[in-house]
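A short write-up of the structure that comes next.
Read-outs throughout are calculated quantities, based only on the coordinates presented, and are distinct from any laboratory measurement. Just so it is clear, the structure is predicted and the values come from calculations on it, not from any experiment. Cβ: placed from backbone, ideal geometry, glycine included. Neighbour counts: every protein chain shown.
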Amino acid sequence: MTWNYATIIEKVKDMAETRGLQLVSRKPTHPGEVLREEFMPDFGLSVAQLAQRLGVSRQSMNELVHERRAVSSDMALRLGRLFGMSPQYWLNLQRNVDLWDSLDLNREAIERIEPLGWAAEG
């Protein structure tokens with residue numbers, strides 16, 4: 001069986017449905033947008049205040065909240081500690097964006113990869 005993008009998407013949709021997951025057809029939300037739109041206003045934090053509390057530069061924080069920088073594992077630990085939540089939350093947001101971007105950028109090359117026999121069967 002040859003897999004193309006449409007086949008991969010159908011397989012992923014089938015797997016998601018059986019696991020009760022919901023797929024979206026838009027780019028996932030960047031963790032910087034989540035910070036900017038949800039966390040910073042709720043806690044009354046500016047970029048400078050957030051940077052100071054996290055112990056990072058204002059430039060790094062500004063780049064993150066404007067979606068020009070990815071969340072690193074170090075930043076995820078800092079954000080998790082500050083907001084009292086799991087660092088995995090921040091890393092999962094970033095992972096979703098990274099996977100979307102990689103698929104968008106490399107779709108044709110990925111489609112040309114022939115799956116191993118056992119992977120193509122099910």
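Couple of notes before you dig in:
- Peptides ranked, highest mean first, by Cβ atoms within 10 Å: ranges 31-39, 106-114, 79-87: 31-39, 79-87, 106-114
- Ranking of Trp118, Trp90 by count of other Cβ atoms within 10 Å, fewest first: Trp118, Trp90
- Once the Cα-Cα distance is subtracted from the 0.36 nm per residue extended length, the Arg112 to Arg68 segment shows a gain of 12.8 nm.
- Residues of segment 33-71 with amide N under 19 Å of a point placed 7 Å along Cα→Cβ from Asp104: 33-37, 63-71
- Each of Leu54, Leu99 has some number of other Cβ atoms within 10 Å of its Cβ, and from fewest to most they run Leu99, Leu54.
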